[in-house]
Amino acid sequence: MSDFTVDTTPVSGLDDARSGNSRSTNSRTGRKTFKTDKEKTAIWPGLLERVLIEARGRLQRFPKRNKLISKYIYDVTGKNRSSKQVGSRIQQLRTTCRDPELMRCLVDLTRFEGPSDRASTRSAKPGSPTTHVGPISLPAESLDAPLSPSSTIAQPTISKSICIDMTVLDEDWRHNTRTAPCLFIDLEDPASGHNAVTDVPCTVTQAELYLAPVSTIRSFDLDKAARYRVTSTVYCNEMAVYSHSSECVTSYDCRLTTSLVPAFWSEVIRKHAHAFTILQSIDPMDSLASAKVDLIYSVRLQYQSACVSP
């Protein structure tokens, strides 16, 4: 990249203010030199590196992970680091790091599950208090794929990871109603903007659990009264197993409502929801539309008894 040189400076050659790093952190990551820019300022000072490791530990195997980490670093520190820089630094840290706690953040833990772990996951019963969230990533080559000639002039993409946090009641306390769960995803919520993953709570009965959620998305990056193509692709074990596409029109307050994989949702629930990831791409169909939006859904189920008033 043209903005940076490949100079390196020994750790001892930078004071803490310029490197943003402490000796204790260096010993944990195994760092001996800093890659620096023309002003001899570290490209990955301690603060940025800590934020990088934190984001990597949170996201694990999410689709487009490096791009999400890049955005997370900018949101937290105000510093721009490309997804390619993120991937390169993670690889370096995996080589040099000797701290077990940090290494847990740098590797894909799901790749090292033993047979007993996988068996316990398969044998989990719906009555268990919670199920583990295990997002599945897209193929690695898609994370930093080179831009095609057509994509270089494409509209910007807004990416966000969503965890559908569903509480399932074991009694049908809404005897007269059976409606699809409604999700409201507010991308303009300030609290949402600072989190790598946004939790969207939802309470359903057993009967409603298998109905595809209706998702309403609010984002000022979506144009008013504009046409969008919404494509939802379901991934399991890094393979696409289902895809659904439809056309939607946004409202005048920048909201878009769509059903989430209506013909496949029941399969997601029946076959261990935590093993699936849904990538929902919202692409503008009008040439003047401002941006496209990518939402990456994972599902967490919690089962509990309904509280019935005497």
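The values are calculated or read from the model by the stated rules, or taken from the named source; none is laboratory data. Since the model is a prediction, treat every value here as computed from it, not as a measurement. Positions of Cβ are backbone-derived with ideal geometry, glycine not excepted, and every protein chain shown enters the neighbour counts.
From the list Ala212, Ala207, Ala240, the lone residue that is modelled with pLDDT of 90 or more and either hydrophobic (A, V, I, L, M, F, W, C) or not assigned by TED's automatic domain parsing to the domain that holds Arg255 (or both) is Ala212.
Considering every residue within the range 183-203, establish whether at least one is part of a strand (DSSP E or B) and over 30 Å from Glu54 (Cβ atoms). For the range 183-203, residues part of a strand (DSSP E or B) and over 30 Å from Glu54 (Cβ atoms): present. Among the residues of the range 278-287, some residue qualifies, meaning at least one is modelled with pLDDT under 85 and among the acidic types (Asp, Glu).
Within the set Phe220, Phe184, the sole residue that is at pLDDT 90 or above and out of contact with any Leu (no Cβ under 6 Å at 6 or more places or on another chain) turns out to be Phe184.
Considering Arg111, Arg56, Arg98, the condition of being closer than 30 Å to Lys271 by Cβ and either modelled with pLDDT under 75 or not in a helix (DSSP H, G or I) (or both) is satisfied by Arg111 alone.
Of all the residues that make up the range 216-253, how many are under 17 Å from Ala275 (Cβ atoms) and of a type outside the set (S, T, N, Q)?
Of the residues in the range 216-253, 8 are under 17 Å from Ala275 (Cβ atoms) and of a type outside the set (S, T, N, Q).
Number of residues in the range 265-279 that are buried (at least 18 other Cβ atoms within 10 Å of the Cβ) and in contact with a Phe, Trp or Tyr (Cβ under 6 Å, 6 or more places away or on another chain): the value is 4.
Within the option set Ser266, Ser298, being in a strand (DSSP E or B) and under 17 Å from Ala240 (Cα atoms) holds for one residue only, Ser298.
The listed residues are Thr233, Thr250, Thr258, and the only one of them that is in contact with an Asp or Glu (Cβ under 7 Å, 6 or more places away or on another chain) and of a type outside the set (A, V, I, L, M) turns out to be Thr250. Of the residues making up the range 70-80, one or more are modelled with pLDDT of 85 or more, among the small types (Gly, Ala, Ser) and not in a loop (DSSP other than H, G, I, E, B).
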